[in-house]
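The values are calculated or read from the model by the stated rules, or taken from the named source; none is laboratory data. What you see is a predicted model, and the numbers here were worked out from it, not measured in a lab. A quick note on method: Cβ atoms are made from the backbone with ideal geometry, for glycine too, and the neighbour counts reach across all protein chains shown.
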Amino acid sequence: MSEITYEKIESLIAAQEQERSTMKVSFRCPVTDKIVSASGSIQKGTGLVDKARQSTQKSVLWSLRSAVSRAVRGALGHGVAGRVGSEVAGQLMTNANDATNFSADEKREAIVRAFEGVASQFVWNGTKGSYVHASAGGEDASPFGQQLASAPVEARYDRGILARMLVEVASADGNLGADEREFIGSFLSDEMGSVDDLAGRDRLSTVELEETAAGASRETMLMLGWALAHTDEDVADAEVARLGELAAGLGVAADRAAELRKTAQHYLVDQALDAAIAGGSVDDGKRKEALDLAARIGIDPTEAQRAEIRWRKRHGIV
């Protein structure tokens, strides 16, 4: 997805309301009129979020984790962007409870945060120069976005199972480092518990997985599991094995599970390519990084080339 700015999403805003230190926003697709609601925290200190992005967007890995975090937050039902890094988190929350002295820029930043939480449901249409809902994106919409939009994880129980699945996948190799804990913690809500709380629970049983809502939302859960696994770029055998067990427990056929893995891989390459856009043109160095990533996560050169062509079409880039 292209870099999200207030100017790019302003035309989508159907309604907005400030509630203390939160902006509640309704975004309307200009093609389908579909409304997507989200919320974003208003934070004192214009530019702090931008500085956080600039300091962390130095690596492809951060770009991938940021994209997956947005997708998972949307799937788990909270549109407020998660933590942006311990070095700036304290600054961002300063005076957050002061609901009366926020500037217009700070409110606009909150609206951008709200959209980031549901951005995976939209796709940038380069020809129209605007975002549209994934259900109306046609060839512009990635299979990943279409899956999220058409089969959301809606039940509270299912969201809890998804959170546990993601922690189990991340810790399957027996090594859950501090950076991974912070990453996963960025999309967990307080009511779901901490990473340590979820990691300390028994592994999901077949019965627990079978009790999730029947249908395509189970495929969405598995797809997000694969996306999370590939943010490490080197998926451990234990992660592959656990995802296979989860697919079986969810009743997802092996061929469909393989397709969902490929969907997640292509989504990550798209996100890496998005990081290559600079001022309407493509940075060749970052483009090469994105294609190198494709090779590392198992996409063959021909398939990677097709992925890049589809990405260029979506962004209107020759």
Here is a list of conditions, (1) at pLDDT 90 or above; (2) of a type outside the set (Val, Ile, Thr); (3) in contact with a His (Cβ under 9 Å, 6 or more places away or on another chain), and PHE187 meets all of them except one; can you say which number that is?
(1)
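Filter the range 126-172 down to the residues that are in a loop (DSSP other than H, G, I, E, B) and at pLDDT 85 or above and list them by number.
Passing the criteria: ALA151, PRO152, VAL153, GLU154, ALA155, SER171, ALA172.
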Taking helices (runs of 4 or more DSSP H) that fall entirely within the range 1-83, which contain at least 3 residues that are modelled with pLDDT under 85, within 18 Å of the chain's Cα centre (by Cα) and among the basic types (Lys, Arg)?
60-75
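Checking the structure you have, find out if any residue of the range 274-281 is among the aliphatic types (A, V, I, L, M) and touching a strand residue (DSSP E or B) at 6+ places or on another chain (Cβ under 7 Å).
yes
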Considering each residue of the range 235-252, count those that are modelled with pLDDT of 95 or more, outside any helix (DSSP H, G or I) and of a type outside the set (Val, Ile, Thr), and give that number.
1
Here the qualifying pairs (Cβ atoms under 6 Å; residues six or more apart or on different chains; first in the range 145-162 and of a type in the set (Lys, Arg); second outside any helix (DSSP H, G or I)) come out as ARG159/LEU76; ARG159/GLY77; ARG159/VAL153
Just wondering, is there one or more residues in the range 270-278 that are exposed (fewer than 13 other Cβ atoms within 10 Å of the Cβ) and at pLDDT 90 or above?
no
Considering only residues that are under 16 Å from THR220 (Cα atoms) and within 15 Å of the chain's Cα centre (by Cα), which ones fall in the range 161-186?
LEU162, ALA163, LEU166
I'd like to know if the range 215-234 contains one or more residues that are in a helix (DSSP H, G or I), more than 23 Å from the chain's Cα centre (by Cα) and either acidic (Asp, Glu) or buried (at least 23 other Cβ atoms within 10 Å of the Cβ) (or both).
no
Listed by range, helices (runs of 4 or more DSSP H) wholly within the range 253-318 having at least 3 residues that are over 22 Å from VAL123 (Cα atoms) are 254-274, 284-296
All but one of (1) over 24 Å from ALA155 (Cβ atoms); (2) aliphatic (A, V, I, L, M); (3) in contact with a Gly (Cβ under 6 Å, 6 or more places away or on another chain) hold for ALA238; state the number of the condition that does not hold.
(3)
